[in-house]
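Each remark here refers to the structure printed beneath this line.
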């Protein structure tokens, strides 16, 4: 009997038994899922890095370790800890099930496989992953502008810094704030101030490249993360945004403009995020306009 469900996802199947792996992979693909297969722990970790799945189905025993060891690795890594793991076992002893659940497993499947059970348990795991993803988006989003908030920015900066360091390419950050924004709130109301902030957020998003990250750092401050870019790229971005804001004429009696502090980590530099942001913050505080900082 064909069993289908509307929700589908990316499933990583980690199983050393080729027959069982083919059987379960065929069943999952028949349910509409996209399936990647791994036969050992090393291959599974490669898939996790290059093809982040929505759910992992993980066998109890692997040729280069056991499933519990891999489960522990996944749950200890911030990049993979929220991916639901369903343990696969031929003999679900109570002790093993309790140990797996305590170690962070979402659920378990037993051999031989039944389509109805595979469907129910994978769909439950997918629903959990969707809920976690939604909560993470909300936790990292600024409710006023829809941009990433401070937490979302720091998470993205950590990811991009690691990428740029690994590939030996520059990473530039621009910390921006609105000139005389307090006067906007005082003279026009906080509602008008909010409208201005939303308009600035829209113009920033319209001017950045696809890989750039824009966030609201706090108050009237914005952070732009520019991977594989130098100071000149950030300066050009600020000039474009200010030109668009001037043309928009957001307020009747004063222009809306941004000033910025810019800092660049050169290719292969191991400077930490805090220090890089600190240099940008110092530049912003000390200058009235854009500051070109040496690396």
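Shape descriptor for the chain: Rg over Rh equals 1.11 (Cα atoms; Rh from the Kirkwood inverse mean 1/r). Taking the C-alpha atoms only, the angle from helix 67-76 to the longest principal axis of the chain is near 10 degrees. Inverting the mean 1/r over all pairs of different Cα atoms, compute the Kirkwood radius of segment 150-292 and quote it in Å. Value: 15.3 Å, from the Cα pair sum. Hey, what did segment 10-139 get for relative contact order, percent, Cα under 8 Å, at least 6 apart? RCO, segment 10-139: 22 percent.
Rg and Dmax of segment 10-139, both derived from C-alpha coordinates alone, stand at 13.5, 42 Å. Against the chain, whose longest principal axis is taken from its Cα atoms, helix 150-166 shows a tilt of about 80°.
Over the chain, what is the mean sequence separation of C-alpha contacts under 8 Å (at least six apart), divided by residue count, expressed as relative contact order in percent? Answer for the chain is 14 percent.
Approximating the spin labels as points 7 Å out from Cα along Cα→Cβ, the residue 202-to-residue 285 distance works out to 3.4 nm.
When both bridge partners sit in the chain, DSSP labels roughly 55% of those beta bridges antiparallel.
For a paramagnetic label modelled on residue 82 (point 7 Å from Cα along Cα→Cβ), amide N atoms under 15 Å away belong, within segment 36-69, to 52-55. Figure legend: label point modelled 7 angstrom from the Cα of residue 93 along Cα→Cβ; no residues of segment 46-77 have amide N under 12 Å from it. Over segment 117-164, the Kirkwood radius and the radius of gyration, each from Cα atoms, give a ratio Rg/Rh of 1.19.
What order, most packed first, do the peptides 193-204, 176-187 have when packing is the mean number of other Cβ atoms within 10 Å of each residue? Write out the running numbers ahead of the final one.
Values: 193-204: 19.2, 176-187: 16.5.
Descending mean neighbour count gives 193-204, 176-187.
Restricting to segment 1-138, what percent of DSSP beta bridges are antiparallel, rounded to 5? Don't jump to the answer; show the numbers that get you there.
Values: 2 of 19 bridges.
Approximately 10 percent, going by the DSSP bridge assignments.
For the pair segment 50-72 / segment 25-43, the C-alpha centres are spaced 12 Å from each other.
Compared with the dominant Cα axis of the chain, that is its longest principal axis, helix 190-207 is turned about 70°. Considering only beta bridges that DSSP places wholly inside segment 146-269, some 95 percent are antiparallel.
A short reminder: the numbers here are calculations on the coordinates, not readings from a lab. The structure presented is a predicted model; accordingly, all values stated were derived computationally and were not measured. For neighbour counting, all protein chains shown are included, and Cβ atoms are generated from backbone atoms with ideal geometry for every residue, glycine included.
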